[in-house]
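Here is the structure we will look at.
The values are calculated or read from the model by the stated rules, or taken from the named source; none is laboratory data. All figures in this text were calculated on a predicted structure; none of them were measured in a lab. Note that we place each Cβ from the backbone using ideal geometry, even for glycine, and neighbour counts take in every protein chain shown.
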Amino acid sequence: MPETIELDIDGRGVATIRLNRPDKGNALNAQMLRELHDAFGELAQDETVRMLILRGAGKHFCAGADLGGREDAPPRVSLADALRRLDAFPKPVIAVIQRGCVGAGLAIASCCDVVLALEDAFFAVPEVRLGIAPSYELSQYFLRVLGPRGFRRYGLSGERIGAEVALRLGLAHEVFGETDMQLCLERLVEDFIHAAPQASAVLKERIARLATGEPPPATGQEPRGLGRSPESLEGVAAYREKRKPNWYRPA
């Protein structure tokens with residue numbers, strides 16, 4: 001039974017993971033990394049799960065790595081392991097950010113498909129203020145959301161990025177107050193569960209390839225986005241018959 005995260009899956013197949021070390025600002029320790037890594041793997045394989053929402057309990061989303069509780073032995077699961085599994089997660093992932101989202105927390109948000117920020121949210125890459133340069137693995141995620149110019153400024157200064165600046169940089173997709181956030185989240189969930197699961201997984205993999213400059217697979221060696229798959233046949237039939245497709249489950 002997980003101790004540092006809470007996991008809930010509703011009737012639509014919407015999974016919510018809540019980081020649950022509020023007294024530590026949800027800072028990531030070895031146990032949380034292991035529990036997140038395992039949960040990402042299990043949810044990715046669960047065909048009843050349609051999407052994932054990441055949240056933080058208490059005041060902050062995630063205050064980064066837990067620098068005060070390091071174990072003597074190296075962790076079984078590293079931050080890089082957990083990030084790779086989240087980044088490759090085959091279903092839509094939404095992060096809902098309140099207050100602090102810094103260091104490793106920002107790396108987690110960078111692996112999500114959508115980042116929604118509350119008005120009090122702030123982001124930072126504070127490692128240089130601790131005399132640490134972020135690893136290459138972490139830097140690739142920061143660079144993805146900040147861009148080279150943004151990463152130069154905020155990575156080298158370690159300063160906070162407020163919600164509105166994050167919105168302008170493209171780090172956050174939208175910024176809301178508490179009430180409007182819940183309405184937006186519900187709307188987004190409804191949009192995502194209308195999308196076909198296999199087509200979504202194919203598209204996520206395709207976007208990842210294109211973003212990294214990896215060459216596309218040879219003709220005939222990649223999954224079809226359209227065609228005669230059972231999913232595509234059902235989608236077209238539902239459209240013609242003016243009904244919901246069979247993968248859609250209402251609340």
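Among the residues of the stretch 93-109, is there at least one that is in a strand (DSSP E or B), among the small types (Gly, Ala, Ser), touching a strand residue (DSSP E or B) at 6+ places or on another chain (Cβ under 8 Å) and touching a residue at least 12 places away in the same chain (Cβ under 8 Å)?
So far as the stretch 93-109 goes, yes, one or more of its residues are in a strand (DSSP E or B), among the small types (Gly, Ala, Ser), touching a strand residue (DSSP E or B) at 6+ places or on another chain (Cβ under 8 Å) and touching a residue at least 12 places away in the same chain (Cβ under 8 Å).
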### Message
Given (1) touching a helix residue (DSSP H, G or I) at 6+ places or on another chain (Cβ under 8 Å); (2) surrounded by 15 or more Cβ atoms within 10 Å (Cβ to Cβ), identify the lone condition not met by residue 105.
### Response
(1)
## Note on the structure
Among the residues of the stretch 121-158, the number that are more than 19 Å from the chain's Cα centre (by Cα), buried (at least 16 other Cβ atoms within 10 Å of the Cβ) and without any contact (Cβ under 8 Å) to a residue 60 or more places away in the chain is 6
### Task
Output yes when any residue across the stretch 195-207 is under 30 Å from residue 99 (Cβ atoms), loosely packed, with under 13 Cβ neighbours inside 10 Å and modelled with pLDDT of 90 or more, and no when none is.
yes
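In the stretch 139-171, what residues are part of a helix (DSSP H, G or I) and at positive phi? Outline the logic, then answer.
Restricting attention to the stretch 139-171, the residues satisfying the condition of being part of a helix (DSSP H, G or I) are 139-157, 163-169.
Result: 147, single match.
Are any of the residues in the stretch 10-23 over 25 Å from residue 248 (Cα atoms), surrounded by fewer than 16 Cβ atoms within 10 Å (Cβ to Cβ) and in the same structural domain as residue 97 (by TED's automatic domain parsing)?
Yes, the conditions are met somewhere in the stretch 10-23.
Do we find that residue 59 is assigned by TED's automatic domain parsing to the domain that holds residue 173, surrounded by fewer than 16 Cβ atoms within 10 Å (Cβ to Cβ) and closer than 27 Å to residue 180 by Cβ in this structure? Before you say what the answer is, go through the steps one by one.
Details: assigned by TED's automatic domain parsing to the domain that holds residue 173: yes; surrounded by fewer than 16 Cβ atoms within 10 Å (Cβ to Cβ): yes; closer than 27 Å to residue 180 by Cβ: yes.
Spelling it out, residue 59 is indeed assigned by TED's automatic domain parsing to the domain that holds residue 173, surrounded by fewer than 16 Cβ atoms within 10 Å (Cβ to Cβ) and closer than 27 Å to residue 180 by Cβ.
Which residues, counting only those in the stretch 172-183, are buried (at least 16 other Cβ atoms within 10 Å of the Cβ) and either assigned to a helix (DSSP H, G or I) or at positive phi (or both)?
Filtering the stretch 172-183 for residues buried (at least 16 other Cβ atoms within 10 Å of the Cβ) gives 172-173, 175-176, 181.
The one that is buried (at least 16 other Cβ atoms within 10 Å of the Cβ) and either assigned to a helix (DSSP H, G or I) or at positive phi (or both): 181.
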